Structure formats: structure tokens, C-alpha cells
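Visitor: This structure is in C-alpha cells; I'll ask about it shortly.
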Amino acid sequence: MAYELYYWPGLQGRGEFVRLALEEAGADYFDVARQKKGMPALLASLDSDEVEHPSFAPPVLRAGELLIGQTANILLYLGPRHGLAPRAVAGRLWTNQLQLTIADIVAEAHDTHHPISSDAYYEDQKKEAKLRARDFTGKRMPKFLDYFERVLEHNPGRGTYLVGSRLSYADLSLFQLVEGLRYAFPNTMAKLEPSYPVVVALHDRVAARPNIAAYLASKRRIPFNETGIFRHYPELEGA
Ligand SMILES: N[C@@H](CCC(=O)N[C@@H](CS)C(=O)NCC(=O)O)C(=O)O
């Protein structure tokens, strides 16, 4: 069975957390909206008249009969099926908890460029974006990175992975978070990274995994750009 991933074409966005899990697993999947006539199919996955369990927003994954929305929920489903999360309930919940915490900082990263409204242009909320980004880079980024560094250090597996002694989708997502923050806030990350050696080492190990490295080098990996969640606006770093 090939999975169908429904996500906006042309940007990594939250779809990327699902792509990374599918790529690491070597799973068969179609990125539906990137194929011909894919957009109507994507929109149909959100249309309450068409589907039993409509999603509010992409990403959405079709797995056979199931249509699953919410990034963390999709990963909760995929994880144990592809050896990317523990099977026992405590481990599954812990992995999900970490993913939800990553979702929290992802939402905050988004709000640095859209602090007032997701429906308004960045250009119309630049002043507020500057204030929000100052708080995000000065306080929130270090607070979240402190947390993930601590989780890695406290894992009896001694910093190799976030959960137990094996790679999980939470590790892939932390990799993507570091990638995104580096793209959006390169100066801040250059200053912060020396304080987070374990997070950075995990990022590097994920990047070197054969399936991930092949994916990153492929055309399937959409470059970061200013339509996604992680956007590089130099003025938001005080430049
Ligand atoms: N909590 C959801 C958020 C989904 C979400 O906000 N998707 C964005 C794209 S990354 C979107 O299309 N939002 C449209 C909207 O909020 O109106 C998740 O983690 O999947």
C-alpha cells in the first residue's frame, strides 16, 4: 500500500515532518499535491462534505481506509508501524509528547513572521513581526533548545536519541527544527549552537543516515523558501 501525503506544493512546511518519517522508513508514498491534478485532491481531503473525518489543515495522510490529519497524529500512526517509535504505550506517549513540543515551537517560529494574522501579508505586520522575532530569538529559542538538550542528556542512552536507545520520528523532527531555525535565524543559531552540542550532534547523525542523506540530496526535498514556516527575513534578526 502506498501512502498518500496531502500537503501544499512548493514548501516544506509541516508536511516535511511527515516526509522525513516516510523517507527514513523507505515507505512508498505519493506527495499528492505535487502531482498533476493534485490540488483538487488535497482540497477534497479538507472538505467536510466529501470525507468522514475532514482535516482543518494539511498535512493529511491517507493510509488505506484511514485519512489522518494533524502532524503529530500522523506520526503517532506511522511511528510504531515503521520502527520509528516504541510499541509500548509509555514510549509512544513520550515520543508524541516530544513531537507536540516541537509542534509548539514550530507554531511560534511561524508567528515570528505572521504575529497578527496568518491571512495577512508579512509586509502588513512587519513591525509586530520584529517584536515577536526579538522575543523568539532571545527567549523562546534558547528555552526550547535547553529543553531538548536536557532531554537528550537525561536519556540513559546518553544523548544518542531522544527516546530510548533507538531512532524515533522525534529525532527526525528535531533535525528538521534545527534545519529550519538555521535557515530562518542563521545569526542567532550561530551564537546559540555551541551551547547545544548534543542537539547539534543528533542533527548531524540524522543528516548522515543513508535514507535521509539520499532524500536531502534529491529533488523531493523542497528548498526552504519564504512561503514556508521557517522564513529568512534578515530584518527579523535585527540586521
Ligand atoms: N496543528 C496542525 C497545524 C496545521 C497547519 O496549520 N497547517 C498549515 C500549513 S503548515 C495550514 O495550511 N494552515 C491553514 C490554516 O491554518 O488556515 C498540524 O500540526 O498539522
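The values are calculated or read from the model by the stated rules, or taken from the named source; none is laboratory data. No experiment lies behind these values; they were computed from the predicted model shown. Reconstructed Cβ throughout: ideal geometry from the backbone, glycine too, with neighbour counts over all protein chains shown. Side chains are part of the model used for accessible areas, which takes the heavy atoms of the whole protein and leaves out ligands, DNA and RNA. Shrake-Rupley method; radii C 1.70, N 1.55, O 1.52, S 1.80 Å.
Visitor: Rounded to the nearest percent, how much of the accessible area of region 114-239 (1.4 Å probe, protein heavy atoms only) is carbon and sulfur?
Guide: Values: 3460 of 6460 Å².
Carbon and sulfur atoms account for 53 percent of the accessible area of region 114-239.
Visitor: Can I ask one more? Identify, among 129, 154, 11, the residue whose Cα sits farthest towards the positive end of the charge dipole of the chain, taking +1 on the Cβ of Lys and Arg and -1 on the Cβ of Asp and Glu, with the dipole about the Cα centre.
Guide: It is 154, whose Cα lies furthest towards the positive end.
Visitor: Under 23 Å between C-alpha atoms is the cut-off here; go through the chain and count lysine pairs that meet it, provided they're at least eight residues apart or on different chains.
Guide: 9
Visitor: For residue 163, which sequence-distant residues (separation of 5 or more, or a different chain) have an amide H within less than 5 Å of its own amide H, given hydrogens modelled in the peptide plane?
Guide: Long-range HN contacts for residue 163: 168.
Visitor: Any idea how far apart residue 143 and residue 120 come out in nm if each label point goes 7 Å out from Cα toward Cβ?
Guide: 2.4 nm
Visitor: Loop-only check: which trypsin sites (Lys or Arg not before Pro) in region 111-161 are DSSP coil with at most 14 other Cβ within 10 angstrom? Walk me through the numbers on the way to the answer.
Guide: Details: sites: 126, 127, 130, 132, 134, 139, 140, 143, 150, 158; in loops: 158.
Those satisfying the criteria are 158.
Visitor: Whole-Hz Karplus ³J(HN,Hα) for region 93-100, in order, using 6.51 cos²θ - 1.76 cosθ + 1.60 and θ = phi - 60°, x for Gly and Pro?
Guide: Per-residue couplings from phi come out as 5, 5, 5, 5, 4, 5, 5, 5 Hz.
Visitor: Please list, in order along region 65-73, the HN-Hα scalar couplings obtained from phi with the Karplus expression 6.51 cos²θ - 1.76 cosθ + 1.60 (θ = phi - 60°), rounded to whole Hz, x for Gly and Pro.
Guide: 6, 8, 10, 10, x, 6, 3, 5, 5
Visitor: May I ask you to evaluate 6.51 cos²θ - 1.76 cosθ + 1.60, the Karplus curve with θ = phi - 60°, for each residue of region 31-40 and list the ³J(HN,Hα) values in order in whole Hz, giving x for glycine and proline?
Guide: So the Karplus estimates, Gly and Pro as x, are 8, 4, 6, 8, 9, 4, 6, x, 5, x Hz.
Visitor: From the helices alone, meaning DSSP H stretches of at least four residues, give me the mean residue ellipticity at 222 nm for the chain, per-run term -39500 (n - 2.57), in deg cm²/dmol to the nearest 500. Could the numbers behind the result be given before it?
Guide: Numbers: 10 runs with 121 residues, N = 239.
So the helix-based figure for the chain works out to -16000 deg cm²/dmol.
Visitor: Only bridges whose two residues both fall in the chain count here: according to DSSP, what percent of them are antiparallel, nearest 5? Walk me through the numbers before you get to the answer.
Guide: Numbers: 7 of 10 bridges.
Looking only at bridges with both residues in the chain, the antiparallel portion is about 70 percent.
Visitor: Stretch residue 187-residue 201 to full length: gain in nm at 0.36 nm per residue minus the Cα-Cα span?
Guide: Working: separation 14, 0.36 × 14 = 5.04 nm, distance 1.90 nm.
Result for the pair: 3.1 nm of gain on full extension.
Visitor: Within the chain, what's the longest run with no GluC sites (Glu not before Pro) in a DSSP loop and at most 13 other beta-carbon atoms within 10 Å? Give the range, please. It would help to have the intermediate numbers written out before the result.
Guide: Details: sites that count: 50, 52, 65, 226.
The answer is 66-225.
Visitor: For region 1-128, give the share of DSSP beta bridges that are antiparallel, in percent and rounded to the nearest 5; count only bridges with both residues there. All intermediate terms of the calculation are to be shown ahead of the outcome.
Guide: Working: 7 of 10 bridges.
The antiparallel proportion sits near 70 percent.
Visitor: Which loop-located chymotrypsin sites (Phe, Trp or Tyr not before Pro) does region 1-86 contain, where loop means any DSSP state but H, G, I, E or B and the Cβ has at most 10 other Cβ atoms within 10 Å? Each step should come with its number before you reach the end.
Guide: Details: sites: 3, 6, 7, 17, 29, 30, 56, 77; in loops: 7, 56.
Those that pass, being in a loop and sparsely packed, are 56.
Visitor: Next up: Quick one: among 26, 64, 164, which has the greatest mean-square fluctuation in a GNM of the chain with alpha-carbon springs under 10 angstrom?
Guide: Of the options given, 64 has the highest mean-square fluctuation.
Visitor: Rank 55, 168, 218 by mean-square fluctuation in a GNM of the chain with C-alpha springs under 10 angstrom and give only the top-ranked residue.
Guide: Checking each option, the largest mean-square fluctuation is seen for 218.
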